[in-house]
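What follows is a set of notes on a single structure, which appears directly below.
The values are calculated or read from the model by the stated rules, or taken from the named source; none is laboratory data. This is a predicted model, so every value here is computed, not measured. Note: ideal-geometry Cβ built from the backbone for every residue, glycine included; neighbour counts use all protein chains shown. Accessible surface areas use protein heavy atoms only, side chains included; no ligands, DNA or RNA. Shrake-Rupley method; radii C 1.70, N 1.55, O 1.52, S 1.80 Å.
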Amino acid sequence: MNLKTLLTAASIVFFLLFGASPALAHAEHGQPQHGGIHAEAGEAQFEIVARDGKLTVYVTSHGAPVDTAGASGRLTVLAGTVKNDITLAPAGSNLLQGVGPVASGAKLLINVQLPGKKALQARAVMQ
């Protein structure tokens, strides 16, 4: 095996071991993973899922789950001239949940306070 072949093989192995994981994790960035809608707030991402009057918000940072223990939140739903605030509470490792209706086309404003962090705010439109 000549030096050029050896260096090419070493480069491929290095890429597979160290270069592929961040690229694959970044491919999911901004893509809903649970059938909801996506909203960005700085380095945090929210996926808002509304089913049967129950809201679940998945909190991640670049694809990695963010611990929501001790967090609090509020989802403001604007549908036409009607405004509804839904309180969000921790409900699992990276989940916040609340109860309330969210109609298709409603404008959403989500506010999340993680312990010891600056408050996060994001906007989205329910599909």
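When you look at VAL102, is it hydrophobic (A, V, I, L, M, F, W, C) and modelled with pLDDT under 95, yes or no?
yes
Would region 114-124 turn up any residue that is under 17 Å from GLY35 (Cβ atoms) and either open to solvent by less than 40 Å² (accessible area, probe 1.4 Å) or modelled with pLDDT of 95 or more (or both)?
Yes - at least one qualifying residue is present in region 114-124.
Has region 70-84 got at least one residue that is over 18 Å from LEU109 (Cα atoms), out of contact with any Gly (no Cβ under 6 Å at 6 or more places or on another chain), touching a residue at least 40 places away in the same chain (Cβ under 8 Å) and not in a strand (DSSP E or B)?
yes
Do the conditions hold for SER61, that is, is it at pLDDT below 95, closer than 16 Å to ALA41 by Cα and out of contact with any Ser or Thr (no Cβ under 6 Å at 6 or more places or on another chain)?
Answer is yes for this residue.
Given GLY116, GLY98, which one is assigned to a strand (DSSP E or B) and among the small types (Gly, Ala, Ser)?
Checking each option against the conditions leaves just GLY98.
I'm checking my understanding of the structure. Among residues of region 42-51 that are modelled with pLDDT of 90 or more and more than 9 Å from the chain's Cα centre (by Cα), which one is most open to solvent (accessible area, probe 1.4 Å)?
Filtering region 42-51 for residues that are modelled with pLDDT of 90 or more and more than 9 Å from the chain's Cα centre (by Cα), the one most open to solvent (accessible area, probe 1.4 Å) comes out as ARG51.
Is there any pair linking a residue in region 46-63 that is free of Cβ contacts under 8 Å to residues at least 60 places away in the same chain and within 16 Å of LEU75 (Cβ to Cβ) to one that is open to solvent by less than 40 Å² (accessible area, probe 1.4 Å) and of a type in the set (Gly, Ala, Ser), with Cβ under 6 Å and at least six apart or on different chains, and which?
Close Cβ pairs satisfying both conditions: GLU47/GLY36; VAL49/GLY36; LEU55/GLY98.
Would you mind stating whether ALA103 is assigned to a strand (DSSP E or B), of a type outside the set (S, T, N, Q) and within 15 Å of GLY36 (Cα to Cα)?
no
Looking at ALA9, is it open to solvent by less than 70 Å² (accessible area, probe 1.4 Å), modelled with pLDDT under 95 and aliphatic (A, V, I, L, M)?
yes
Looking at the structure I just gave you, is HIS62 open to solvent by 20 Å² or more (accessible area, probe 1.4 Å) and closer than 16 Å to ALA124 by Cα?
Answer is no for this residue.
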